[in-house]
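Worksheet for the structure shown next.
The values are calculated or read from the model by the stated rules, or taken from the named source; none is laboratory data. Keep in mind that what you see is a predicted model, and the values were worked out from it rather than measured. Backbone-built Cβ (ideal geometry, glycine too); neighbour counts: all protein chains shown.
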Amino acid sequence: MKKSRDRFLRLIAVFKFLKCAMLIALGVGAFRLLHKDVGAIAEHWVDAFKLDPGNRFVDAALAKAARLRPEQIKKLGLGSFLYAALFLAEGTGLWLEKRWGEWLTVIITSSLVPVEVYEIYRHPSWVKVAVLVINIGIVGYLIYRIRSGRIRSEQ
């Protein structure tokens with residue numbers, strides 16, 4: 001008998017794979033910036049997108065980019081690859097409908113909820129609230145799946 005596929009579980013897995021791909025791109029981009037003038041590159045992109053360099057946010061971003069040290073860029077690249085590996089493991093476990101994938105996703109996603117709440121407290125935005133609600137929904141759904149699977153296996 002063919003095993004039924006959970007579409008919502010697959011959707012969560014695809015979401016994890018997309019986050020993995022974006023983090024890999026970020027990591028590759030960070031390592032490509034090593035030994036380059038990051039400030040000059042940032043100024044180029046400000047000009048290319050026709051942003052106002054006098055804007056306080058753009059000016060602050062340019063100043064921060066100009067102060068980036070190679071060690072910081074390396075840490076950003078390595079951190080991106082580490083998180084990408086976690087998302088790849090989560091996505092793979094969910095795609096294959098493995099219980100360990102569900103548990104891994106519950107543990108990692110729920111461990112970040114306090115950080116998301118803190119960020120909403122510091123700088124509230126609808127996007128941050130939406131991400132928090134989605135992550136809580138994912139954790140709740142996976143806990144429901146884990147518990148209902150255990151109940152079925154005990155019967």
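Overview of results
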quantity: Filter pass, VAL131 being modelled with pLDDT under 95 and within 18 Å of the chain's Cα centre (by Cα); calculated: yes
quantity: Only one of GLY77, GLY91 that is of a type outside the set (Val, Ile, Thr), touching a residue at least 24 places away in the same chain (Cβ under 8 Å), closer than 30 Å to ARG7 by Cα and surrounded by 13 or more Cβ atoms within 10 Å (Cβ to Cβ); calculated: GLY91
quantity: Some residue of segment 120-133 being among the aliphatic types (A, V, I, L, M) and under 17 Å from ARG10 (Cα atoms); calculated: no
quantity: Residues of segment 115-124 classified as more than 15 Å from the chain's Cα centre (by Cα) and either closer than 21 Å to GLY27 by Cα or assigned to a helix (DSSP H, G or I) (or both), total; calculated: 5
quantity: Hits in segment 39-56 - residues which are surrounded by fewer than 16 Cβ atoms within 10 Å (Cβ to Cβ) and closer than 26 Å to LYS19 by Cα; calculated: ILE41, TRP45, PHE49
quantity: Single residue of GLY91, GLY101, GLY77 found to be assigned to a helix (DSSP H, G or I), touching a Lys or Arg at 6+ places or on another chain (Cβ under 8 Å) and closer than 29 Å to GLY29 by Cβ; calculated: GLY91
quantity: Count - residues of segment 41-71 that are part of a loop (DSSP other than H, G, I, E, B) and either touching a strand residue (DSSP E or B) at 6+ places or on another chain (Cβ under 7 Å) or under 21 Å from PHE31 (Cα atoms) (or both); calculated: 3
quantity: Neighbours by Cβ (under 7 Å, 6+ apart or cross-chain): first from segment 40-53, free of Cβ contacts under 8 Å to residues at least 12 places away in the same chain; second surrounded by 11 or more Cβ atoms within 10 Å (Cβ to Cβ) and among the charged types (D, E, K, R); calculated: PRO53/ASP59
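Residues are listed down the side, and each one gets a yes or a no for (1) within 22 Å of the chain's Cα centre (by Cα); (2) under 18 Å from THR109 (Cα atoms):
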site	(1), (2)
VAL14	yes, yes
ALA21	yes, yes
ASN55	no, no
ILE73	yes, no
